[in-house]
Every structure is written in structure tokens, then in C-alpha cells.
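Bear in mind these aren't lab numbers, they're just calculated from the coordinates by the rules spelled out. Given the structure is predicted, the values throughout are model-derived calculations rather than measurements. Because the Cβ atoms are built from the backbone with ideal geometry, glycine has one as well, and the counts that use them run over all protein chains shown.
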Amino acid sequence: MKELNRMTLIFDGRSVNESFARVTAAAFLAQLDPTLQEIAEIKTVVSEAVTNAIVHGYGDKPGPVSMKVQIFAEGKIRITVRDKGRGIEDIPKAMTPCFTTGNEDRAGMGFSIMQGFSDKIRVRSLPGKGTTVVMEKYVGGREAVSRG
Amino acid sequence: MISYDVQERILTVSLFGEIDHHTSAGIRSEIDGLVRKYSPLCLILDFAGVDFCDSSGIAVVLGRYRLMQSLGGEVELIRLPRNIRHIFDMADLRRLVKIE
Ligand SMILES: Nc1ncnc2c1ncn2[C@@H]1O[C@H](COP(=O)(O)OP(=O)(O)OP(=O)(O)O)[C@@H](O)[C@H]1O
Ligand SMILES: [Mg+2]
């Protein structure tokens, strides 16, 4: 499918950048004229993926997080969040609702929310090398058309 | 940022702004400080002023539920924006707390 536009952002894996990343993604995608609901969903999935990179990928030693946002025809978007952190041993297990390796400040719901608010999610990870999360979604009120 | 009101051992905490991993530690400790101070029987969390909330907010609710349980009290959530209601439903929070 033809790519119409893209942006890439690289930032330190510090918690203060969580809001920066989600607001930036939403601002870039404003050109698709998304609904308020779609904006809220986009901000939420970006926040989940970026927070995971920061909290689980890097932990106490912040490293670089990259976020790529692509726009395709018919309002299809793809968001790619990548870290070079710890990586995930067992991806299906990590994606199980309520599974967390975090403390009581985590609910284990990040992947479930990413799945619920996007149309497609793909996770690639290598222990010790890092994690890449790719999410696709249709925005701009074209949902029904695009999904047939 | 939060504001609160206590009446007859009902503590109502109004949350404002964004709830994410960056802000949730402060929100948690502010609420817990109020709970320790007033020992309420019911903690009501008002989400009407919340502009953004991700899974970090789910953990905030779960932790406050556990704290109130340990004190023999309960938690109620009110005025949830649609999107926040949606993620709280994904986590099945209704099993544990009352959601208006
Ligand atoms: N980028 C990452 N690097 C390393 N591990 C990860 C990464 N993303 C997720 N994980 C692993 O997958 C688990 C589940 O992630 P998920 O986002 O669903 O829940 P959580 O982050 O633990 O809690 P919540 O998102 O509710 O705050 C994490 O606890 C962690 O073990
Ligand atoms: Mg998470």
C-alpha cells in the first residue's frame, strides 16, 4: 500500500517524554481529521508502547526510544515504537491480560489496550537486543469503508 | 493535581490533567496521604477533570482498592469520560469497584 507521509522521532527513554510522544503523534495525524475518540485511542496506544519501552525496556538506565508514524491511503496509519532495551523472552505470555513483570504500579493491561484500540498489532523482540511494537489503525471516519 | 472533600467519612478526590506513568506516582501518594489522614469508609474518585489516562490509571485504582480493602472501606469511581470507562472495562475493574 502506498505511503503518503511519515515522521520519525527519537527521544530519551525518560518518563517526561511519554506525554511528548503521544501529543506529537496526535499532532502529526491531525491531517487525517480524526474524531476525538480516535485521537484519544491513538494517544493511549502510543503512551502504552512508549511507557513499556521506558519502564520495561530500559528501567533505570534510559536509552533511545524511536517512534515512527506512517500514513497510507484510505486513512490507514502505522505506528512503530522501538527500544534497544532488555527485550521480551516470551511474547505471547507478555501479551496475556494482567500479566506483568512490573511492581504493583503496573496492571499488565498495556498490550490489551494496544490490541483493543488498534486494528492490528505485531511485536518483535530479542532478549538483550530490544523490542519493536507495530500497530495499524484506520482513522478519519473511513473505518467502515476501509474494513469493507 | 487533585482536590478533595470529606463528608461523614466519605472522601471524594477529584483528579485533573493527565494520568500516566510519569504522573501516577504523585497522584498515588497524594490520595494515600488523604486516606491515612481521614480514614474514610468510602473513597470516591472523580474523573471528570481527567484529560488523559492510560493503564497507569488502572494500577492507581487497583492500588487504592487494595488500600481501602485493608481499612475495611470501598472505592467508587464517578464521572468517567468515555475513553477512560472503556479501558477500565477492559481491565474488568467493575468486579472490584463501583463505577457510576
Ligand atoms: N518494551 C519492552 N521491553 C521489555 N519488556 C516488555 C516491553 N513491553 C512489554 N514488556 C513485558 O511485557 C509485560 C506486559 O506488558 P503490558 O504493557 O501489557 O503490561 P505492564 O506494562 O506490565 O503493565 P501496564 O501496561 O498495565 O502498566 C511487561 O510487564 C513486561 O514484562
Ligand atoms: Mg505497559
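With θ set to phi - 60°, apply the Karplus curve 6.51 cos²θ - 1.76 cosθ + 1.60 along the stretch B:67-77 and write out the HN-Hα couplings as whole Hz, x wherever there is a Gly or Pro.
Listing the rounded values in order: 4, 5, 4, 5, 9, x, x, 9, 10, 10, 10 Hz.
Suppose each label sits 7 Å from its Cα in the direction of the beta carbon; what would the B:Asp92-A:Ala27 distance come out to in nanometres?
Each label point lies 7 Å from its Cα, and together they span 4.0 nm.
Counting partner chain Cβ atoms within 10 Å of every residue's Cβ in B:86-92, what's the average?
Mean partner-chain Cβ count within 10 Å for B:86-92: 5.
How much mean residue ellipticity at 222 nm does the protein assembly as shown get from its helices, if each DSSP H run of length 4 or more adds -39500 (n - 2.57) and you divide by all residues, to the nearest 500 deg cm²/dmol?
-11000 deg cm²/dmol
Determine the shape class of the protein assembly as shown: with a ≥ b ≥ c the square roots of the Cα gyration tensor eigenvalues, call it rounded for a/c under 1.5, and otherwise prolate if a/b is greater than b/c, oblate otherwise.
prolate
Grab the beta carbon distance between A:Lys61 and B:Glu100, set R0 = 35 Å, and tell me the FRET efficiency rounded to 0.05.
Between A:Lys61 and B:Glu100 the formula returns 0.25.
For chain B, what does the alpha-carbon gyration tensor say about shape, rounded, prolate or oblate, given a ≥ b ≥ c as the root eigenvalues, a/c under 1.5 as rounded, and a/b over b/c as prolate?
prolate
Of B:Cys53, B:Cys42, how do they rank once you tally other Cβ atoms within 10 Å and put the fewest first?
B:Cys42, B:Cys53
Taking the highest mean first, how do the peptides B:13-19, B:79-85, A:86-92, A:42-48 order by number of other beta carbon atoms within 10 angstrom per residue?
Answer by packing, highest mean first, reads A:42-48, B:13-19, B:79-85, A:86-92.
Going by a ≥ b ≥ c, the root eigenvalues of the Cα gyration tensor, does the stretch A:3-147 fall in the rounded group (a/c under 1.5), the prolate group (a/b larger than b/c) or the oblate group?
Judged from the Cα gyration tensor, the stretch A:3-147 comes out prolate (a/c at least 1.5, a/b above b/c).
Let me spell out the model: positive unit charges on the Cβ of Lys and Arg, negative unit charges on the Cβ of Asp and Glu, origin at the Cα centre of the protein assembly as shown. What dipole size does that give, in debye rounded to 20?
740 debye
Quick check on the protein assembly as shown: of the DSSP beta bridges with both residues there, what percent are antiparallel, nearest 5%?
Counting only bridges with both partners in the protein assembly as shown, antiparallel ones make up about 70 percent.
Can you work out ³J(HN,Hα) from phi for every residue in the stretch A:7-18, in order, using Karplus 6.51 cos²θ - 1.76 cosθ + 1.60 and θ = phi - 60°, giving whole Hz and x for Gly and Pro?
In residue order, the calculated couplings are 9, 10, 10, 10, 9, 5, x, 10, 4, 5, 7, 4 Hz.
What are the ³J(HN,Hα) values, in whole Hz, obtained from phi via the Karplus relation 6.51 cos²θ - 1.76 cosθ + 1.60 with θ = phi - 60°, for each residue of the stretch B:26-31 in sequence order, with x given for Gly and Pro?
Each residue's phi maps through the Karplus curve to give x, 4, 4, 5, 5, 5 Hz.
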